[in-house]
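The values are calculated or read from the model by the stated rules, or taken from the named source; none is laboratory data. Source: prediction; values computed, not measured. Positions of Cβ are backbone-derived with ideal geometry, glycine not excepted, and every protein chain shown enters the neighbour counts. SASA here: full protein model, heavy atoms, side chains in, ligands and nucleic acids out. Shrake-Rupley method; radii C 1.70, N 1.55, O 1.52, S 1.80 Å.
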Amino acid sequence: MKLFRPIRLILLTMLIALVIGGLWLWHHISNLADPIITPLNESYTNLSTVPEKHLGIRMSPLNFTGWDGGEVTAILASKDDEDSARQRTVSADLLIRKAENLSHIDYALVCVDWDHGIRSALPLAEYLTAAGITCVLWEPRGSNNRRPHCTHGLKESEDVPLLLDTLTRHSGKERPVIIGVGQGYGAGMLLQAAAKDERLRGIIAIDAYASLRESISRTLPDSLLSIVKLALMDIKINGVVGYECFDVAPVESAANLNRNTPALIINIARNNPICTIKDAITIYRQLPCDTKAIWTLHGENDPVDATSRLYTYTVGKGERATTAGIELSLLKNEEEVFTSIIHWLDEDFINAIDKPHVSTPDRPVLTTDKQL
């Protein structure tokens with residue numbers, strides 16, 4: 001009996017160690033999952049949803065009822081009398097190169113962050129309003145934090161048709177021209193929304209990730225433990241919010257866009273594993289749109305005067321493998337990106353919606369007396 005005492009002590013110690021280790025691992029997994037479940041922008045901590053004023057922007061309330069029945073805080077943003085630095089950049093560019101078709105655009109839905117959606121979207125709205133485009137900014141969480149957890153567009157995108165209903169009534173038009181402009185979270189969410197509602201006539205996706213699961217896996221070390229962590233994170237997220245990481249895949253939404261929905265895919269994030277240039281290319285390759293483009297920033301390995309870069313990739317495997325390429329348009333800096341967006345809207349977007357593709361009707365099937 002004395003012999004079994006040390007064995008029981010060892011087994012008890014091992015059991016306690018396993019319990020402690022399991023609790024520590026679950027706590028660690030929870031810490032990894034928290035920024036995914038509630039991705040907070042610390043730049044706006046303790047600030048109100050809508051700022052009292054913003055340089056260069058005139059704000060008018062446009063609240064609407066969201067998919068969960070709660071009120072969603074939204075605003076219409078238009079150009080104010082005083083210019084911001086971003087607006088002066090656009091104004092100076094438009095003096096050199098006119099943009100005369102932008103008046104055809106009724107609204108641009110602009111979204112960047114899940115939390116503080118209005119505040120985070122205002123800088124992007126500055127560029128667009130400088131060109132005379134009225135922007136619509138809103139809180140994807142709804143007012144008073146009605147939605148404490150983020151679904152990365154799975155649920156938030158369901159607000160967009162309701163917002164489009166509100167804008168249609170506000171415009172007084174049967175079918176106003178509305179485009180979605182999103183960055184990061186907003187890009188993924190608006191891709192999902194555009195695939196569900198063709199009233200969103202075009203999409204500009206900046207720094208969108210192709211798949212939430214793939215983006216998260218890139219932030220973890222490449223090891224067997226990381227695979228375990230990712231699986232446990234899925235369990236944690238699913239238990240709290242009701243979805244798993246692989247449920248969020250903007251690339252799949254991109255493949256379901258209407259071919260008459262012009263799409264511009266842009267990657268300006270540098271050294272960010274969440275939204276890489278490969279994500280942008282993966283999304284671009286899936287687009288069925290007749291009018292589409294992909295842009296990125298000029299890199300260190302690009303020739304100084306280069307305006308494009310050929311990205312090659314392999315299609316298929318083994319003997320059937322073939323090489324294909326995509327021409328990436330290169331821009332010098334972020335300012336050039338946003339001024340170029342204005343001209344893409346003025347030219348490519350407007351031309352595309354003015355001359356949509358019309359499918360050839362199926363040839364009627366001839367019937368015979370026997371068939372009748």
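Okay, here's what the table says:
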| item | result |
| --- | --- |
| Scope the stretch 58-67; condition open to solvent by less than 80 Å² (accessible area, probe 1.4 Å) and touching a helix residue (DSSP H, G or I) at 6+ places or on another chain (Cβ under 6 Å); matching residues | Phe64, Gly66 |
| Output for the stretch 118-134, where each listed residue is open to solvent by 10 Å² or more (accessible area, probe 1.4 Å) and assigned to a loop (DSSP other than H, G, I, E, B) | Ala131, Gly132, Thr134 |
| Top-ranked residue of the stretch 329-356 - restricted to ones that are open to solvent by 50 Å² or more (accessible area, probe 1.4 Å) and assigned to a helix (DSSP H, G or I), ranked as farthest from Asp207 (Cα to Cα) | Asp354 |
| Selection from the stretch 200-232 of residues that are modelled with pLDDT of 95 or more and over 30 Å from Ala125 (Cβ atoms) | none |
| Residues located in the stretch 286-305, provided they are hydrophobic (A, V, I, L, M, F, W, C) and at pLDDT 95 or above | Leu287, Cys289, Ala293, Ile294, Trp295, Leu297 |
| Looking only at the stretch 141-161, and only at residues there that are closer than 12 Å to Ala74 by Cα and modelled with pLDDT of 95 or more, the one that is surrounded by the most Cβ atoms within 10 Å (Cβ to Cβ) | Val160 |
| Close pairs (8 angstrom Cβ cut-off, 6 or more residues apart or separate chains): under 19 Å from Asn63 (Cβ atoms) in the stretch 169-180, open to solvent by less than 100 Å² (accessible area, probe 1.4 Å) and assigned to a loop (DSSP other than H, G, I, E, B) anywhere | His170/Leu62; Ser171/Asp106; Pro176/Asp106; Ile178/Ile105; Ile178/Asp106; Ile178/Arg199 |
| Any hit, the stretch 207-229, residues being touching a strand residue (DSSP E or B) at 6+ places or on another chain (Cβ under 6 Å), closer than 15 Å to Gln192 by Cα and open to solvent by less than 10 Å² (accessible area, probe 1.4 Å) | no |
| Condition met for Ala269 (modelled with pLDDT under 95 and under 22 Å from the mean Cα position of the chain (by Cα)) | yes |
| Qualifying strands (runs of 3 or more DSSP E) (wholly inside the stretch 41-116; at least 2 residues being more than 16 Å from Val160 (Cβ to Cβ)) | 57-61, 74-79 |
| Residues being open to solvent by less than 70 Å² (accessible area, probe 1.4 Å) and touching a strand residue (DSSP E or B) at 6+ places or on another chain (Cβ under 9 Å) - total across the stretch 310-328 | 9 |
| Residue pairs meeting the criteria (Cβ under 8 Å; at least 6 apart or on separate chains; first more than 11 Å from Lys236 (Cβ to Cβ), in the stretch 15-30; second among the β-branched types (Val, Ile, Thr) and at pLDDT 70 or above) | none |
| Qualifying position, being within 22 Å of Cys245 (Cα to Cα) and among the charged types (D, E, K, R), among Arg147, Arg175 | Arg147 |
| Subset of the stretch 68-103 [of a type outside the set (Gly, Ala, Ser), out of contact with any Asp or Glu (no Cβ under 6 Å at 6 or more places or on another chain) and open to solvent by 60 Å² or more (accessible area, probe 1.4 Å)] | Glu71, Asp81, Glu82, Arg88, Leu95, Ile96, Arg97, Lys98, Glu100 |
| Pair list, Cβ < 8 Å and 6+ apart or interchain, from the stretch 309-333 residues that are free of Cβ contacts under 8 Å to residues at least 40 places away in the same chain to residues that are among the charged types (D, E, K, R) and outside any strand (DSSP E or B) | Arg309/Asp302; Leu330/Asp302 |
| In the stretch 135-161, the residues that are within 17 Å of Asp106 (Cβ to Cβ) and either touching a Lys or Arg at 6+ places or on another chain (Cβ under 9 Å) or assigned to a helix (DSSP H, G or I) (or both) | Leu137, Val160, Pro161 |
